Amino acid sequence: MKDFIKYVFATITGIVALFMLMGILFAISLVGMIASESGATKVKDNSVFVLQLNGVIQERTEEENPFAAILSKGEMDMMGLDDLLAAIEKAKNNDDIKGIYLEGGVTEFDSPATAQQLRDALKDFKKSGKWVVAYSDQYLQGAYYVASVADKIYLNKTGMVDFRGIGGKSEYLKGLFDKIGVRYQAVRVGKYKSAVERMTQSSMSDNDREQRLAYSQGIWDYWLKDISESRKVSAAQLNQLANDSIISIANPADYVKARLIDKIMYPEQIKDEIKARLKLDKDDDINQLTLADMKNVKAKKDDDGEKIAIYYAYGEIVDDIASMMPSGHNIVGKTTVDDLNELAKDDDIKAVVIRVNSPGGSAVASENIWHAIKQLKTKKPVVVSMGGLAASGGYMISAPANYIFAEPTTITGSIGIFGLVPNYSELATDKLGITFDGIKTNKYTDFAENLVLSKENSEEIRFLQTYVDRGYTTFLDIVAEGRKMKREDVHEIAQGRVWLAKDAVKIKLVDKLGSLNDAVKKAAELAKLDEYHTATYPAPDSWIDQFLPSENKGSYLDAELRSLLGDLYTPVMEMKKNTKRNRLQARLPYSVVIK
């Protein structure tokens, strides 16, 4: 009895302590929100926007986290491209902000197009007559591409610049699975649909090599052109520089000779450079604004006119919360369909721009979203703006739009379907001695078990291939209908082939190269709107929502995992994701990350 009372008392004490802790956290977050909303950031005259190029840049800022300052180590901060572009636009239009200082250079971009869009925004900023200066201890390749737009690029005296071209290796796991007695069975349509090869082959196929080299070379040529224009060095010279030596271990003085940078210096010396641009004395302080400050700077925008919705659809496409990916943001099929149906019913919204940044995913969820967008289009104009990726299922959901814009370095296409099923018969029976027996009332009652446990399952694989073939035909019909093409013509450019957007325009998969702003203007034109403003959807989770189950969790934990795993992050996450994915996939064959 005494122990019972002791345990009850301990439980009550724990519950009281938990509620007290939650109360304290609630008070802290409430004070923070009140302070945040109490007034806009007041920009002092002669200010500089300090943009840190350290962290991971993804499509959109995740939910606001009132505890980020307490929890985050600041090693791999997650930044939203939407916030960055908005901040640069505000800085451009604010007369009190004289320039942008890019600090650091170890940013990781979720795609080449993300880096390109950030650079384009900085280039547009300079058109206002203001300056951009960059300094870092080291520049990874993507960050250097962004920083190359600066008026001056400075580097630490012991720093490095990564400049070596675009490419990389993929891990092939067949040898590993052979050793443990697991055989992956692939069914696919499209000779370029190479997602299955990581599990079924020991090396890259010729078709996959062809498409990867094509889009990688296209991106590299685009980057060389941009860097060439800014640094006043020919693209041929830059390309030769990447071929001649390992630039990242060169003497920093050689970077100056090659005109990759303007000057080498120690960190404290950059302050004098900026003060000189601001016409300040050496003892004067520099008025600085961070990205967090810029979020609260009032934008010069007009809320008059009709409303155009910008709906963000980014991440892997999954069926439901139970099948969501263990890291990053996801496009959850049912949730997205519900959101789109609500936009269709909202009479205040006159047009919708869907911002797609997705490698695809579940073929079933992709088709459901496609149908919802098709229905939405009967109510109001729909324009798609492709971000870094709009491939496979990501392209399927884009196809029904009235008009499609893409960034020049967007990766798109990959029109194909595949299924990948592991078979454990050798592991179970030959290596572990496990055998299987049972009963069934019909011939195919044990269809699923045979797929994964039987050594002889050719008939089951044939049925699965028929299922995949039907899915591919449906995909072709969807694209043909949306793009007003013949199915046969779509098949010629499909077969799982990945395309760079500038090439996708030529084959009618994309209407025009352009930005999100271009897509908004087109939506206004289609809706015949003279005056309009935009509103973004879905709304970010509130702080309280973060304590509840959500299909798009993972921002903070994702950042921590990236920091812990480093270069192993992508392959480890891919292996974990395979256990949750729908067996029928319309997805890009690989992950694209630019450092």
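The values are calculated or read from the model by the stated rules, or taken from the named source; none is laboratory data. Everything numeric here is computed off the predicted structure, so don't read it as measured data. So basically every Cβ, Gly included, is an ideal-geometry build from the backbone, and we count neighbours across all protein chains shown. In case anyone asks, the SASA skips ligands and DNA or RNA and just uses the protein heavy atoms, side chains included. Shrake-Rupley method; radii C 1.70, N 1.55, O 1.52, S 1.80 Å.
Okay, here's what the table says:
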{"item": "Where only alpha carbons of segment 85-197 are counted, the Rg and the Dmax (Å)", "result": "21.0, 67"}
{"item": "Rounded accessible area of LYS123 (nearest 10 Å², 1.4 Å probe)", "result": "90 Å²"}
{"item": "Accessible area in square angstrom per residue, segment 179-318, 1.4 angstrom probe", "result": "53 Å²"}
{"item": "Burial order of peptide ranges 388-394, 347-353 (average beta-carbon count within 10 Å, highest first)", "result": "388-394, 347-353"}
{"item": "Members of LYS130/LYS263; LYS334/LYS443; LYS174/LYS225; LYS130/LYS157 lying beyond 31 Å, as alpha-carbon distances in this model show", "result": "LYS334/LYS443; LYS174/LYS225"}
{"item": "Ratio Rg/Rh, restricted to segment 75-140 and using Cα atoms, in which Rh is the Kirkwood radius", "result": "0.96"}
{"item": "Packing-based order for 501-513, 250-262, using average beta carbon neighbours within 10 Å, highest first", "result": "501-513, 250-262"}
{"item": "Placed amide H near ILE331: partners under 5 Å, 5+ positions off or other chain", "result": "GLU316, ILE317, VAL318"}
{"item": "Segment 108-162, relative contact order in percent, only Cα pairs under 8 angstrom and at least six apart counted", "result": "39 percent"}
{"item": "In Å, descending, principal axis extents of the Cα set of segment 205-280", "result": "58, 25, 21"}
{"item": "Computed Rg/Rh of segment 378-462, alpha carbon atoms with Kirkwood Rh", "result": "1.29"}
{"item": "Mean-position separation - Cα centroids, segment 128-143 and segment 470-517, in angstrom", "result": "36 Å"}
{"item": "Cα-Cα over 23 Å, subset of LYS126/LYS307; LYS90/LYS232; LYS379/LYS528", "result": "LYS126/LYS307; LYS90/LYS232"}
{"item": "Listed residues SER228, GLN185, LEU291: farthest to the positive end of the dipole of segment 168-314 (Cβ charges)", "result": "GLN185"}
{"item": "Reference-scaled alpha-carbon Rg (2.2 N^0.38 Å with N residues) for segment 235-329", "result": "1.90"}
{"item": "Gain upon complete extension [ASP206, ILE286; 0.36 nm per residue less C-alpha separation]", "result": "23.3 nm"}
{"item": "Mean separation of Cα contacts under 8 Å, 6 or more apart, over the residue count of segment 271-361: relative contact order %", "result": "33 percent"}
{"item": "Segment 332-382 versus segment 80-103: alpha-carbon centroid distance in Å", "result": "31 Å"}
{"item": "Accessible surface, 1.4 Å probe, highest first, among residues HIS371, HIS329", "result": "HIS371, HIS329"}
{"item": "Sequence of ASP346, ASP489 when ordered by accessible area, the most exposed leading, probe 1.4 angstrom", "result": "ASP489, ASP346"}
{"item": "Convex hull of Cα atoms in segment 157-230, direction-averaged projection (nm²)", "result": "8.0 nm²"}
{"item": "Candidate aspartates and glutamates - alpha carbon under 12 Å from LYS374, same-chain residues fewer than 8 apart omitted", "result": "GLU481"}
{"item": "Gain in span if fully extended, LYS300 to SER128, counting 0.36 nm per residue against the direct Cα distance", "result": "60.4 nm"}
{"item": "Rg(Cα) / (2.2 N^0.38 Å) computed for segment 120-279, rounded to two decimals", "result": "1.40"}
{"item": "Note, ³J(HN,Hα) from phi for segment 340-352, Karplus 6.51, -1.76, 1.60, rounded to Hz, x at Gly and Pro", "result": "5, 5, 5, 5, 5, 7, 7, 5, 6, 8, 9, 7, 10"}
{"item": "Under 5 Å, built H, 5+ apart or other chain: amide partners of GLU306", "result": "GLU531, TYR532, HIS533"}
